[in-house]
1. Run the numbers for A176 and A71: contour at 0.36 nm per residue of separation, minus the present Cα-Cα distance, in nm.
2. Compute a Gaussian network model of the chain, connecting alpha carbons closer than 10 Å, and tell me which residue from A71, A56, A22 fluctuates the most.
3. With +1 on each Lys and Arg Cβ and -1 on each Asp and Glu Cβ, how big is the dipole of the chain about its Cα centre, in debye rounded to the nearest 20?
4. Please work out the FRET efficiency for the pair E29 and A149, using the Cβ-Cβ distance as r and a Förster radius of 35 Å; give the result to the nearest 0.05.
5. To the nearest 10 degrees, how steeply does helix 48-58 sit against the main Cα axis of the chain, on a 0 to 90 scale?
6. Just how large is the dipole of segment 46-107 about the Cα centre, in debye to the nearest 20, putting +1 at every Lys and Arg Cβ and -1 at every Asp and Glu Cβ?
7. Plugging the Kirkwood radius over Cα pairs into Stokes-Einstein for segment 1-137, at a temperature of 4 °C and a viscosity of 1.567 mPa s, what D comes out in µm²/s?
8. Computed FRET efficiency, Cβ-Cβ of F163 and A12, R0 35 Å: what is it to the nearest 0.05?
Amino acid sequence: VARYSRQAVDGALLAEAALKLAMGLKPGESVVFADRRLPRQTPNLEPLPKLIKAAALHRPEWTQLRQGLRATRSLARAERLANAPVVLLAGQFIGDWAPTREDTPNPYHFDQYNNLGGGVALALQWNLNPAKASARTSQANARKAEVVALRQYAESGIPTDVFRAHQAAAQHCALAGVAGRGVKATTRWIAFAAIAYKSGTGDASDLVEGLI
């Protein structure tokens, strides 16, 4: 009994510390609980398929894997395209109108009024390094393969974790029921042993065994 009492006290302290952390309180601040004892709850385990489906929808690992796979695919594509040439096409158009200025016929004089012009520029940049591009592409593909392997592991690992937790919860519920029936049987044993001892038909050892 002393061991279980100690475990209960330690569990209560740990739960209080976790509650303070979730509430954003400092460790030294006090928390006043409305109830000293939680109401008794009847064990109600959800069906295993429903829990597995909920895990597939709400476990954050799935979101991380989806985002990681999308990022690694984009990285691999970017590394493949890094060895391709970069083409730049730029254009410029200039036009102005000044009705109060007359055009000058002198070809050697820069007339900045009533002009219309433009131009096109084409640029090509090609950083050709096939070995480096191939190495970086292989590295990106390796990262993508790692994420794919993690997704395959999660497809079997997460349902296994849910199954293990479900089995553990079912086992604890069964053990709680067995313990409750044991307490009732022990109480009856003590009552019968006490009655038998008082009436002189029972041995004192029976009563002592029931109390131990």
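1. Working: separation 105, 0.36 × 105 = 37.80 nm, distance 4.76 nm.
Full-extension gain reported as 33.0 nm.
2. Result: A22 has the largest fluctuation of those listed.
3. Details: 26 positive and 17 negative charges, 206 e Å.
Here the chain has a charge dipole of around 980 debye.
4. On the way: r = 45 Å, r/R0 = 1.29.
Calculated value: 0.15.
5. Roughly 30 degrees between the two axes.
6. Details: 9 positive and 6 negative charges, 168 e Å.
It works out to roughly 800 debye.
7. Values: Rh = 25.2 Å.
Estimated diffusion coefficient is 51 µm²/s.
8. Working: r = 30 Å, r/R0 = 0.86.
According to the calculation, E is roughly 0.70.
The values are calculated or read from the model by the stated rules, or taken from the named source; none is laboratory data. Remember, predicted model here, so these are calculated numbers, not experimental data. Cβ: placed from backbone, ideal geometry, glycine included. Neighbour counts: every protein chain shown. Remember, those area values only see protein heavy atoms, side chains included, never the ligands or the DNA or RNA. Shrake-Rupley method; radii C 1.70, N 1.55, O 1.52, S 1.80 Å.
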